[in-house]
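Only one structure is covered here, and it is reproduced in the block below.
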Amino acid sequence: MTSWPLDFFSTTPAFAPVLPYLQRFSQAPHHADWLTVSERIQTQGGANIQFVDPDSITEYYELEIYQKGRVATRLNWHDTFNATIWQAYPKSKVALNALHFKAMQADPDSKIRGPVRDAATLFDECGLILPYSRPALLELMVAHQWQALFVEEAQAWGQEISAFVFGHATLENLLQPFVGLTGKCWPIQVDADFFALDLIAQRQELDHRIAEQIEQHALKTPRQLPPLPYLGIPQWWPEQDADFYANTRYFRHARPKSAAK
């Protein structure tokens, strides 16, 4: 991580929701830089979030965050984007951390993460929040009707459906994207007037909604997070021609449902 490509961030649609936080820096941030710009975020354990050298950590990653607020942060893209997502979606990140902590406290001797923590990790790493106001659009995604969702309904994006990157690994992948990139979605139904809000207000609303659902134990298994080949989102890939959308190795058909026995 030797440069800080603000021009790239500013012109790449997928980075738009977190752009205000990336623009706080003129070069790749160090730990001390985060101290000067970070929002005040408090864990459910009562600790204030800070981004620190991993060598200073003394507890398991999630425990250190919950109890001491210390997020192990390597000076690389992956962890820098994680710190960025903490700033942009603080309520959701706090809720995810609490989910991990409570699961570990409930069964401290278990060596298995279990489906709930697996789902939380998957969303944390490669998740996208998918607000939509027209249910038919979600149905197209679930049915893997990619041509209809991305091409025939191209005008609906930003007006009736949108995608907000939550996973910090997804942001890292978007630095050098390649056909094959797929994220896991958390669909959120919204009112039509949601899309009239500015991007900051939209992000804050989604942060509140996701955190609320995590607290209500809505996240149970990775299977509830449907896949999205997100380079198909209009303007998220420079070569969105007919051949691109005809690539069924990327835009895969839905698996046929097993016949009832």
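The values are calculated or read from the model by the stated rules, or taken from the named source; none is laboratory data. Keep in mind the model is a prediction, meaning the values are calculated, not measured. Because the Cβ atoms are built from the backbone with ideal geometry, glycine has one as well, and the counts that use them run over all protein chains shown. Just so you know, the surface numbers come from the protein's heavy atoms only, side chains and all, with ligands and any DNA or RNA stripped out. Shrake-Rupley method; radii C 1.70, N 1.55, O 1.52, S 1.80 Å.
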Which one of these does D191 not meet: (1) free of Cβ contacts under 8 Å to residues at least 24 places away in the same chain; (2) open to solvent by 80 Å² or more (accessible area, probe 1.4 Å)? (1)
Name every residue in region 139-148 that is over 16 Å from K184 (Cα atoms) and open to solvent by less than 30 Å² (accessible area, probe 1.4 Å), in order of residue number. A148
Here the residues within region 221-261 that are open to solvent by 50 Å² or more (accessible area, probe 1.4 Å) and within 22 Å of I85 (Cβ to Cβ) are Q224, Q235
Hey, any hits in region 64-76 for a residue that's buried (at least 17 other Cβ atoms within 10 Å of the Cβ), within 18 Å of the chain's Cα centre (by Cα), within 30 Å of P5 (Cα to Cα) and at pLDDT 95 or above? yes
Among A154, A119, which is the only one that is touching a Pro at 6+ places or on another chain (Cβ under 9 Å), small (G, A, S) and open to solvent by less than 20 Å² (accessible area, probe 1.4 Å)? A119
Total residues in region 68-112, condition farther than 24 Å from L199 by Cβ, in contact (Cβ under 8 Å) with a residue 40 or more places away in the chain and of a type in the set (A, V, I, L, M): 4
Which residue pairs have Cβ atoms closer than 6 Å, lie 6 or more positions apart in sequence or on different chains, and pair a first residue in region 170-181 that is more than 19 Å from L122 (Cα to Cα) and among the β-branched types (V, I, T) with a second residue that is part of a loop (DSSP other than H, G, I, E, B) and modelled with pLDDT of 95 or more? V179/Y250
Within region 113-168, count every residue that is on the phi > 0 side of the Ramachandran plot and either in contact with a strand residue (DSSP E or B) (Cβ under 9 Å, 6 or more places away or on another chain) or free of Cβ contacts under 8 Å to residues at least 24 places away in the same chain (or both). 2
